Amino acid sequence: MSRTAPRDPSAFPEAVTVPPDIQARLAQAGLRRTLATRAVIGLFLARPAQGFTHAQVLAALESRGAAVNRVTLYRLLDRLAAIGVLERHTDGDRTWRFTLADGPEDAAVPRFECDACHQQFRLPDAAGPTRAVVEQLQHTLAMLGHQGGRIDLAVHGTCASCATCTGEPGSGGS
């Protein structure tokens with residue numbers, strides 16, 4: 001569990017309020033809304049487009065005064081991803097990054113991830129065509145006798161802000 005987490009929830013205000021839809025997912029999965037759980041969810045709610053590694057989440061929590069055991073945090077992040085509160089993605093360096101999940105109804109919305117700053121941008125205008133691709137992939141897998149589970153569609157490159165900072169006009173890795 002946690003080492004010496006502060007008892008005062010105001011020590012990190014983002015840990016105080018968990019939205020009802022996330023509370024429902026936690027309850028349905030049998031996960032308690034511990035101070036650590038609320039602090040983790042609060043971190044992602046405060047920066048929903050940011051992709052965090054395990055180590056970055058740990059450092060952010062510790063900087064807010066929440067001393068959470070590293071292994072407990074890893075398990076919590078994995079559980080939050082398993083119940084759809086967070087999404088887990090692999091970046092270009094094959095490092096797991098977690099972001100706040102949009103919800104099951106937005107599962108076919110692809111995203112763009114900047115390889116420089118790891119900020120993620122949802123591409124809702126591409127949701128329709130992406131659904132068609134996902135259905136075709138699922139159909140192809142089924143024809144081969146496989147059962148596809150999760151399809152994660154992401155485009156990696158350089159966001160406009162990072163491209164401007166590095167002098168790469170309109171760039172982006174394809």
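Being in a helix (DSSP H, G or I), surrounded by 18 or more Cβ atoms within 10 Å (Cβ to Cβ) and hydrophobic (A, V, I, L, M, F, W, C) is a condition met by no residue of the range 47-54.
The set of residues in the range 57-82 being surrounded by 16 or more Cβ atoms within 10 Å (Cβ to Cβ) and closer than 22 Å to residue 21 by Cβ consists of 57, 76, 77, 79, 80, 81. Within the range 141-153, residues that are not assigned by TED's automatic domain parsing to the domain that holds residue 88 have Cβ atoms under 8 Å from residues that are exposed (fewer than 10 other Cβ atoms within 10 Å of the Cβ) in these pairs: 141/147, counting only partners at least 6 apart in sequence or on another chain.
Which one of 94, 33, 7 is at pLDDT below 85, exposed (fewer than 14 other Cβ atoms within 10 Å of the Cβ) and farther than 29 Å from residue 160 by Cα? Before the answer, list the steps.
Values: 94 fails: farther than 29 Å from residue 160 by Cα; 33 fails: exposed (fewer than 14 other Cβ atoms within 10 Å of the Cβ).
Sole residue among the options that is at pLDDT below 85, exposed (fewer than 14 other Cβ atoms within 10 Å of the Cβ) and farther than 29 Å from residue 160 by Cα: 7.
Quick test for you: out of 38, 79, pick the one residue that is without any contact (Cβ under 8 Å) to a residue 40 or more places away in the chain and either in contact with a Cys (Cβ under 9 Å, 6 or more places away or on another chain) or not in a loop (DSSP other than H, G, I, E, B) (or both).
Details: 79 fails: without any contact (Cβ under 8 Å) to a residue 40 or more places away in the chain.
From the options 38, 79, the qualifying one is 38.
If you filter the range 105-132 down to residues that are surrounded by 16 or more Cβ atoms within 10 Å (Cβ to Cβ) and charged (D, E, K, R), you find that the one that is modelled with the highest pLDDT is 113.
Taking the criterion of being at pLDDT below 85 and surrounded by 11 or more Cβ atoms within 10 Å (Cβ to Cβ), the residues of the range 139-154 that qualify are 148, 151, 152, 153, 154.
The values are calculated or read from the model by the stated rules, or taken from the named source; none is laboratory data. None of the values given here were measured: they were computed from a predicted structure. Please note: Cβ atoms are built from the backbone with ideal geometry, for glycine as well, and neighbour counts cover all protein chains shown.
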